[in-house]
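Remarks on the structure that follows.
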Amino acid sequence: MLRIADRVLPAGTLETLAQLQAEVDAGADYAARVALAKSQWDGKTSSQAKKAAFHLVKSNLDQMCVGPRRCAYCEDSLADEIEHILPKNLFPEATFRWSNYLFACGPCNGPKSNRYGVVDGGAIVEFIRRRGDPIVPPPAGPTGCIDPRSEDPLTLLDLDLGGQTPDGELFAGTFNFMPAEHLGADDLARAAFSIDVLGLNREVMCVARANAFGGFRARLVEYRTVREQGGNEATLVRLRDDLLNTHHLTVFAEMRRQRASLPEIDGLFAVIPEALTWPLTR
């Protein structure tokens, strides 16, 4: 998971979102605003103006995706759902807030649903509203789940790519996400909660990341070979763009970050230093 580069929506689209949000905010109390958030969201394409606005919302979210329209969380599946980072059923005041949107896939968006937690004393206090529960707001406090629209997830997470022991022995990675080293108690709790809520270590995801690692390594070898053989700039640009349009770009970001403990990868970056600065987000 990488931080998502922001885009500015057209003024007319922002105005439509603001009007929809104002209608939600006009609810007499919190429960009324929750109900309005649901009804307004369900009807967000009920007029031509709304339909046009959300067409632009989706097209901009598409442009913000990491890789070829991949889910912002898993980077594996097609992103086809507007995800509310703060769940709209818990935070009606953020239902039509542009900064609360990203593109996600159903397998990530569904389980996350209304699971929410706040940080309290180095732990996560989880809040889940089930059917029939009173309609009350979640507790106040810093949100427990990573928000890739406003923060860099890799300040809280490490991806286990394997590496080399001090005596030179190589070991394979699990390709699991783990809380980054040396985090404080609050950030450690947020990292672990995010991994759990988003299901970042599903077995299929770890297998896909391992395959991506091998693919990125092979693409770097190809790029090096073509350059050493005098390939022209257009060919090198195509090879670079092919790499940057691959799934699981977090794996490539971590290969760059962890290269010192990955001798083969470090050797490739040593002769392709420009690859260390290729932009991963659009």
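The table below gives the values:
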item: Cα gyration tensor shape for the stretch 55-127, rounded if a/c is under 1.5, else prolate or oblate; result: prolate
item: Point-charge dipole on Cβ atoms (K/R +1, D/E -1) for the stretch 156-226, about Cα centre, debye to 20; result: 440 debye
item: Listed residues Met1, Ala32, Ala22: farthest to the positive end of the dipole of the stretch 1-57 (Cβ charges); result: Met1
item: Debye equation applied to the C-alpha atoms of the stretch 1-40, log10 I(q)/I(0) at 0.22, 0.31 Å⁻¹; result: -0.72, -0.93
item: Unit charges on C-beta of K, R, D, E only; dipole of the stretch 155-282, Debye; result: 460 debye
item: Distance histogram for the stretch 1-96 (every C-alpha pair counted, 10 angstrom bins, percent rounded to whole numbers); result: 16, 42, 34, 9, 0
item: Fully extended contour minus Cα-Cα distance, from Asp152 to Arg202, at 0.36 nm per residue; result: 15.9 nm
item: Shape parameters for the stretch 143-209, alpha-carbon atoms, Rg then Dmax in Å; result: 13.3, 41
item: Positive-end residue of Gln164, Pro139, Ser150, charge dipole of the stretch 94-186 with Cβ unit charges; result: Pro139
item: Protection proxy ranking, peptides 38-44, 143-149, 200-206, 233-239, average beta carbon neighbours within 10 Å, highest first; result: 143-149, 200-206, 38-44, 233-239
item: Of all accessible heavy-atom area on the chain, the percent that carbon and sulfur account for (1.4 Å); result: 53 percent
item: Kirkwood-type radius of the chain, with distances r between different C-alpha atoms, in Å; result: 20.7 Å
item: Within a Gaussian network of the chain (alpha carbon springs, distance under 10 Å), most fluctuating of Arg209, Arg129, Arg70; result: Arg129
item: Under Karplus coefficients 6.51, -1.76 and 1.60, residue-wise ³J(HN,Hα) of the stretch 176-187 in Hz, glycine/proline x; result: 7, 7, 9, x, 4, 6, 6, 7, x, 4, 5, 5
item: Average accessible area per residue (Å²) across the chain - probe 1.4 Å, nucleic acids and ligands excluded; result: 47 Å²
item: Helix-only mean residue ellipticity at 222 nm for the chain, each DSSP H run of n ≥ 4 adding -39500 (n - 2.57), per residue, nearest 500; result: -14000 deg cm²/dmol
item: For the chain, size of Cβ-based charge dipole, Lys and Arg +1, Asp and Glu -1, in debye; result: 920 debye
item: Over the stretch 134-275: Rg over Rh, Cα atoms, Kirkwood Rh; result: 1.07
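The values are calculated or read from the model by the stated rules, or taken from the named source; none is laboratory data. Given the structure is predicted, the values throughout are model-derived calculations rather than measurements. So basically every Cβ, Gly included, is an ideal-geometry build from the backbone, and we count neighbours across all protein chains shown. Ligands, DNA and RNA are excluded from the accessible area calculation, which covers all protein heavy atoms including side chains. Shrake-Rupley method; radii C 1.70, N 1.55, O 1.52, S 1.80 Å.
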